[in-house]
Number of protein chains: 2
Amino acid sequence: MPNPTAAILIIGDEILTGRTREGNAWFLAGELAKAGITLRQIRVIGDEHATITTAVRELSGAHDHLFTSGGIGPTHDDITADAVAEAFGQPIGVRADAHAILAAHYAARGAEFTEARMRMARIPEGATLIENPVSAAPGFSIGNCHVMAGVPDVFQAMVAGLLPRLGQGAPLVTHSLRVLRPESAAADALRALAGAHPEVSMGSYPFITETGQFGTNLVVRGTDPAAVGAAFAALRATFPEGK
Amino acid sequence: MPNPTAAILIIGDEILTGRTREGNAWFLAGELAKAGITLRQIRVIGDEHATITTAVRELSGAHDHLFTSGGIGPTHDDITADAVAEAFGQPIGVRADAHAILAAHYAARGAEFTEARMRMARIPEGATLIENPVSAAPGFSIGNCHVMAGVPDVFQAMVAGLLPRLGQGAPLVTHSLRVLRPESAAADALRALAGAHPEVSMGSYPFITETGQFGTNLVVRGTDPAAVGAAFAALRATFPEGK
């Protein structure tokens, strides 16, 4: 059976304006590879209701899972929950379970449960909560769409709670070999190896060392450990100087 | 006149598998903000011909500019140039101008101009070359699509050569204020300010300090410096403790 597929949707003007270097998709990409879920696309869009709704419809329709990050806080630009509810044709309002979690959280800190904070209890009907052990305000899953926070600590904690609930596939196995020759001097041998090992994927990633030398990382990936092992052995034999 | 719009398309399995943390879109997002080109979307996809062609058609059709990164090297998985040529309905082959650049580069180093290296001279008909001062192999612009390398040093050098050629808009002006209170304790005041200053955009980005304290970065953005200045003055007056 092929692995489940996924897309990641990052929501936030701060990425598009260059203010923030995206890191949540990078983190989740690694976790999905380990969980045997094949990531097919990452998309970053701004804090606009119609843009979010359109992207959620398109990406959740085309993949087994859609993971979102960002826009579920208490401020006026946090509009992800409402846009996702619309994408799934569900009403949204302050929900009792989320309200209880946040009420307890603020009560324990002697803080007021304000109108703004109540915004974080807005959850679409039919959604399942995703726990937030860092700052209480929950994420949620609706259909195949998993809505999580943008703050990295919170995002990572939500992913840790969510992933074990999802159907997983065969983990991606990756081996890589670093050679100090330009990519163009490895290309012919790599093409021959890729042709001989069609059950894995082979990639090459050029780099330039601090002293200006050209090098290449040669990577073998696949979900069948034996096939990856055989292809990597052939790669090592072809590039004996590799490390 | 509104600023030109743009999308960035990052091509490479190494991002989707979590091997590499994407940095080119982050770099270019900052450069576009300075150049007054409004970035609306970043998309990351794998090394698949049909996926690239579809994304190039969609994103170049919906924006004034599309910038791509990755997949123009000498190896079997470098298929971006061919996919972009198809998206624009243009034939592609080894082109004399690109061939001459690469031939001179390898001749100067006493290196052979192999078949694999000649692959990097494949340029769609009608495209304009983008200079590569780092490792010679050029990028190209076809229609409104600007095709550049994935290696960060090369990508950045190509962007530096390309951007001055493009029509630019009003640079994005950004001011931010750091406050040590949770986002939910800034939300009401921020919403009022955003309502009073509709000509700028206001964002809030929560963080957690190393000692576990909740804080928020409050950000004002816009292309009219006077409007941004006025909104930021109001923000400072509202959050006098901010830094």
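Coordinate-derived values only; no laboratory data. Treat the numbers as computed from the prediction; the structure is a model and nothing was measured. All Cβ positions, even for glycine, are placed from backbone atoms using ideal geometry, and neighbour counts span all protein chains on display.
Data for the structure
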| item | result |
| --- | --- |
| Close pairs from segment B:38-53: first within 7 Å of another protein chain (Cβ to nearest Cβ) and without any contact (Cβ under 8 Å) to a residue 40 or more places away in the chain, partner surrounded by 20 or more Cβ atoms within 10 Å (Cβ to Cβ) and of a type in the set (D, E, K, R), Cβ under 6 Å, at least 6 apart | B:Arg43/A:Arg43; B:Gly46/B:Asp13 |
| Filtered residue count, segment B:152-172, keeping only those that are more than 30 Å from B:Pro240 (Cα to Cα), surrounded by fewer than 23 Cβ atoms within 10 Å (Cβ to Cβ) and within 14 Å of chain A (Cβ to nearest Cβ) | 7 |
| Qualifying position, being among the charged types (D, E, K, R) and away from chain A (no Cβ under 13 Å), among B:Arg236, B:Arg221 | B:Arg236 |
| Hits in segment A:1-16 - residues which are polar (S, T, N, Q) and in contact with a Gly (Cβ under 8 Å, 6 or more places away or on another chain) | A:Asn3 |
| Subset of segment B:42-73 that is among the hydroxyl-bearing types (Ser, Thr, Tyr) and part of a helix (DSSP H, G or I) - its residue that is nearest to B:Gly167 (Cα to Cα) | B:Ser60 |
| Hits in segment B:186-197 - residues which are more than 8 Å from every other protein chain (Cβ to nearest Cβ) and hydrophobic (A, V, I, L, M, F, W, C) | B:Ala189, B:Ala192, B:Leu193, B:Ala196 |
| Qualifying residue in segment B:149-172 (condition: more than 15 Å from the chain's Cα centre (by Cα) and at positive phi) | no |
| Conditions (1) among the hydroxyl-bearing types (Ser, Thr, Tyr); (2) touching a strand residue (DSSP E or B) at 6+ places or on another chain (Cβ under 8 Å); (3) more than 7 Å from chain A (Cβ to nearest Cβ): number failed by B:Ser204 | (3) |
| The lone exception for A:Ala104 - which of (1) surrounded by 16 or more Cβ atoms within 10 Å (Cβ to Cβ); (2) at negative phi it fails | (1) |
| Qualifying residue in segment A:173-185 (condition: away from chain B (no Cβ under 11 Å), without any contact (Cβ under 8 Å) to a residue 24 or more places away in the chain and hydroxyl-bearing (Ser, Thr, Tyr)) | no |
| Unmet criterion (only one of (1) surrounded by fewer than 24 Cβ atoms within 10 Å (Cβ to Cβ); (2) in a helix (DSSP H, G or I); (3) in contact with an Asp or Glu (Cβ under 9 Å, 6 or more places away or on another chain); (4) in contact (Cβ under 8 Å) with a residue 24 or more places away in the chain) for A:Ile15 | (1) |
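Results for (1) under 30 Å from B:Arg117 (Cβ atoms); (2) in contact with an Asp or Glu (Cβ under 9 Å, 6 or more places away or on another chain), shown as yes or no for each residue.
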| site | (1), (2) |
| --- | --- |
| A:Ala107 | no, no |
| A:Gly110 | no, no |
| A:Ala116 | no, yes |
| A:Pro138 | no, yes |
| A:Met158 | no, yes |
| A:Arg165 | no, no |
| A:Leu172 | no, no |
| A:Ser176 | yes, no |
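A quick yes/no check of all residues on (1) within 14 Å of chain B (Cβ to nearest Cβ); (2) within 23 Å of the chain's Cα centre (by Cα):
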{"residue": "A:Asp77", "(1), (2)": "yes, yes"}
{"residue": "A:Ala111", "(1), (2)": "yes, no"}
{"residue": "A:Met120", "(1), (2)": "yes, yes"}
{"residue": "A:Ile123", "(1), (2)": "no, yes"}
{"residue": "A:Leu129", "(1), (2)": "no, yes"}
